[in-house]
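Undergrad: Take this structure first; my questions come after.
The values are calculated or read from the model by the stated rules, or taken from the named source; none is laboratory data. Fair warning: this is a prediction, and the values are worked out from it, not measured in the lab. When we count neighbours, we look across all protein chains shown, and the Cβ atoms used for this are built from the backbone with ideal geometry, even at glycine.
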Amino acid sequence: MKESAVHTGGMAGRGGKQGGADADVAVVGAGFAGLYLAHRATTLGLTVVVLEAGESVGGTWYWNRYPGARCDVESIDYSYSFSEELQQEWRWTERYASQPEILRYLNHVADRFDLRRHIRLNTRVTAARFDEDALTWTLTTDTDETVTAAFCVMATGGLSVPNRPDLPGLDDFRGEWYHTARWPAGGVDLRGRRVAVVGTGSTGIQAIPMIAREADHLIVLQRTPNFSVPARNRPLSEAELAKVKATYARRRARGRIAPSGVPSDREPSPGRGVPPERRRQAYEAGWAEGGASPLLRAYSDMLVDEEVNASLADFVRDKIGEIVDDPATAAALTPYGYPLGAKRLCLDTDYFATYNRPNVELVDLRKTPIERITETGIQTGDTLYETDVIVFATGFDAISGAVTAIDVRGRADRSLRDYWRTGPRATLGLMAAGFPNLFLVNGPGSPAVLGNVLAFIEHHVEWIIDCIDSLRRDGIHTIESSEDSDERWAVQVDEIAAATLYPKAESWFAGANVPGKPRRFLPYAAGLHTYRARCDDSAARGYGADFVLDHALSKHAEKRP
Ligand code: NA7
């Protein structure tokens, strides 16, 4: 064990059943969640070890350095709220911060709260195994080191395992290819080169305008057209920031109980029954303001009422037709067949206008799918698109993928991969049956990705660490869910989703983007406010209503000399 597990009087340092462990809490991942877990745990006197595969802290924001990468929730909200000092001293320069700025922020947080001493970089966790005698987790790394801890928290990120299409011939390609989520740190010089981008989700839509400016020629291979609205990104003025900071705590408090985790000044009313002309005015205002919330929250029934949703979808389709010069290209870019917002609504800067550039070409894969990669390019039907560089903006094995990438073994050697083979499930999105003391951050069955992930992360971290602290004080050694409660929660998550328009799209929210992944709608769609109340209620009732607590063991431990 290196210096990172500093024994300062937590469970591990106290002796007792789990006393031989290296730390009280082992955390996998040093992104937004992992950093806050380390801070929160050590503040309560717990010892913590954070294991991070990257060579820097940052998680998703370390790996996703593709051109144009930035957040799609405003930075004043897409940032930690737990420290008033931090939010007062940090200065975001743009409405939506770019990846380098977010990474600088996370490094600042690591330094400011002295977190680096708990973090081991360049260390990928490959396995986690629960020892039923010692009641500890043993994490094994790709460097063959082990770390033991009473609790294990998977802060592995909902969007961290790249989805790489299994295309025949890729190994024969003589050019270069990259996945956007593994973009080289030094960047890629695309000047004077022919580039092909596969994928038009949020990532492709951010990257394509930037790549088009640099590359000699750009081919975009699109399978499903996406709804995208202007971000209207811009620099933040001192006056604007001062105004936010004067009442930051209140803004954050509103965000914590907002359905999407994004604070809002007004409570929307239903759009059903509102005359088309009035709706259009509201959409024009939202389009001019920029961002997802002004449009998605124009009406309270936007994601439940098909007719209201269709009115916004038509509005965005018309905008695409107005922006894109060539009618055939505009038609190919226009999304149909699923509700707006049922896949994550994309934000862009000049995405559709990019197709008016003479060096940009759109290929509609719905007409002719990719057949194979050749030595010189991408073959679709009769056409070979020759290219020097292929960029895969093909998304992630989302929400559950980073957890199942690790060989997690619980009681009686139960495998989490096997348990989730018929669909990922976890009580409150926090714990899966048979895996005592193993917590998931933003796991399946939590709001996960349906809004401001930062608000979701902070809630989970606080709930998890408060839970561990409470068990410690009560002398309870294990907490776990049961298969019944996992299934009950998953059914509730399904029922909530079924009352919305979300299931009407084939999306990564339901695992539809990864071949072979079981289809189950993974995020809890009733909003952070409802979810938070449900989790808080569980804690207030001593966790026992949802989880099994090992009182018996703690009594046994008390009798020991
Ligand atoms: P997404 O939203 O999953 O988008 C991936 C894109 O790649 C999407 O257009 C896919 O088309 C396309 N794709 C995936 N596999 C293939 C294959 N085999 N062939 C052709 N096209 C393919 O991922 P993003 O990275 O853009 O965004 C993920 C989240 O990150 C985003 O919501 C933000 O929250 C941040 P499809 O739609 O499946 O037909």
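Undergrad: If you take the residues of region 507-547 that are within 17 Å of the chain's Cα centre (by Cα) and among the aliphatic types (A, V, I, L, M), which of them is surrounded by the fewest Cβ atoms within 10 Å (Cβ to Cβ)?
TA: Going through the qualifying residues, I end up with 512.
Undergrad: Can you say whether residue 168 is within 16 Å of the ligand (Cβ to nearest atom) and touching a His at 6+ places or on another chain (Cβ under 6 Å), as far as the supplied structure shows?
TA: no
Undergrad: If you don't mind, there's one more thing I want to ask. Look through region 441-468, keep the residues that are assigned to a helix (DSSP H, G or I) and within 16 Å of the ligand (Cβ to nearest atom), and return whichever of them is surrounded by the fewest Cβ atoms within 10 Å (Cβ to Cβ).
TA: Restricting to residues being assigned to a helix (DSSP H, G or I) and within 16 Å of the ligand (Cβ to nearest atom), the top hit is 454.
Undergrad: Name the one entry in 394, 349 that is more than 13 Å from the ligand (Cβ to nearest atom) and at pLDDT 95 or above.
TA: Just a single option satisfies the conditions, and that option is 349.
Undergrad: Which of the residues belonging to region 51-67 are out of contact with any strand residue (DSSP E or B) (no Cβ under 8 Å at 6 or more places or on another chain), buried (at least 23 other Cβ atoms within 10 Å of the Cβ) and not in a helix (DSSP H, G or I)?
TA: Within region 51-67, 58, 59, 64 meet the criteria.
Undergrad: Tell me, which strands (runs of 3 or more DSSP E) lie completely within region 336-425 with 1 or more residues that are surrounded by fewer than 19 Cβ atoms within 10 Å (Cβ to Cβ) and on the phi < 0 side of the Ramachandran plot?
TA: Result: 360-364, 370-373, 377-380, 383-386, 407-409.
Undergrad: Go through (1) in a strand (DSSP E or B); (2) near the ligand (Cβ under 10 Å from one of its atoms); (3) not β-branched (Val, Ile, Thr) for residue 149 and report which single condition fails.
TA: All conditions are met except number (2).
Undergrad: Looking at this structure, is residue 258 of a type in the set (A, V, I, L, M, F, W, C), surrounded by 13 or more Cβ atoms within 10 Å (Cβ to Cβ) and touching a residue at least 12 places away in the same chain (Cβ under 8 Å)?
TA: Against the criterion (of a type in the set (A, V, I, L, M, F, W, C), surrounded by 13 or more Cβ atoms within 10 Å (Cβ to Cβ) and touching a residue at least 12 places away in the same chain (Cβ under 8 Å)), residue 258 qualifies.
Undergrad: Taking only region 469-492 into account, find how many residues are over 27 Å from the mean Cα position of the chain (by Cα), of a type in the set (S, T, N, Q) and in a helix (DSSP H, G or I).
TA: Matching residues across region 469-492 total 1.
Undergrad: Next question, about the same structure. Determine which member of the set 409, 414, 421 is more than 16 Å from the ligand (Cβ to nearest atom), at pLDDT below 95 and more than 14 Å from the chain's Cα centre (by Cα).
TA: 421
Undergrad: Do any residues in region 495-520 that are on the phi > 0 side of the Ramachandran plot and modelled with pLDDT under 95 have Cβ atoms under 6 Å from those of residues that are part of a loop (DSSP other than H, G, I, E, B) and buried (at least 16 other Cβ atoms within 10 Å of the Cβ), where the two are at least six apart or on different chains, and which pairs are they?
TA: From region 495-520, the pairs are 511/517.
Undergrad: Quick test for you: out of 225, 235, pick the one residue that is at pLDDT 95 or above, closer than 19 Å to residue 365 by Cα and not small (Gly, Ala, Ser).
TA: 225
Undergrad: Checking the structure you have, find out if any residue of region 238-255 is of a type outside the set (Lys, Arg), within 28 Å of residue 189 (Cα to Cα) and crowded, with 17+ Cβ neighbours inside 10 Å.
TA: Taking every residue of region 238-255 in turn, none turns out to be of a type outside the set (Lys, Arg), within 28 Å of residue 189 (Cα to Cα) and crowded, with 17+ Cβ neighbours inside 10 Å.
Let's see how each residue does on (1) more than 30 Å from residue 197 (Cα to Cα); (2) touching a Lys or Arg at 6+ places or on another chain (Cβ under 9 Å); (3) basic (Lys, Arg):
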residue	(1), (2), (3)
33	yes, no, no
40	yes, no, yes
73	no, no, no
86	yes, yes, no
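Undergrad: Turning to a different aspect of this structure: Report, by residue number, each residue of region 89-140 that is in a helix (DSSP H, G or I) and under 15 Å from residue 38 (Cβ atoms).
TA: Result: 106, 107, 108, 109, 110, 111, 112, 116, 117, 118.
Undergrad: What number of residues within region 169-207 satisfy the criterion of being surrounded by 13 or more Cβ atoms within 10 Å (Cβ to Cβ) and either under 24 Å from the mean Cα position of the chain (by Cα) or basic (Lys, Arg) (or both)?
TA: 19
Undergrad: Between a residue in region 162-187 that is among the basic types (Lys, Arg) and any residue that is more than 9 Å from the ligand (Cβ to nearest atom), which pairs come within a Cβ distance under 7 Å, given they are 6 or more apart or on different chains?
TA: 164/179; 174/375; 174/376; 182/63
Undergrad: Could you tell me which numbered condition residue 98 fails, if it satisfies all but one of (1) in contact (Cβ under 8 Å) with a residue 12 or more places away in the chain; (2) at positive phi; (3) surrounded by fewer than 23 Cβ atoms within 10 Å (Cβ to Cβ)?
TA: (2)
Undergrad: Which residues, counting only those in region 506-550, are of a type in the set (Asp, Glu) and either in contact with a Pro (Cβ under 8 Å, 6 or more places away or on another chain) or more than 13 Å from the ligand (Cβ to nearest atom) (or both)?
TA: If the condition is that a residue be of a type in the set (Asp, Glu) and either in contact with a Pro (Cβ under 8 Å, 6 or more places away or on another chain) or more than 13 Å from the ligand (Cβ to nearest atom) (or both), then 536, 537, 546, 550 are the ones that fit.
Undergrad: Sticking with this one: Sort through 371, 375 and tell me the only one that's within 13 Å of the ligand (Cβ to nearest atom) and among the charged types (D, E, K, R).
TA: After applying the criteria, what remains is 371.
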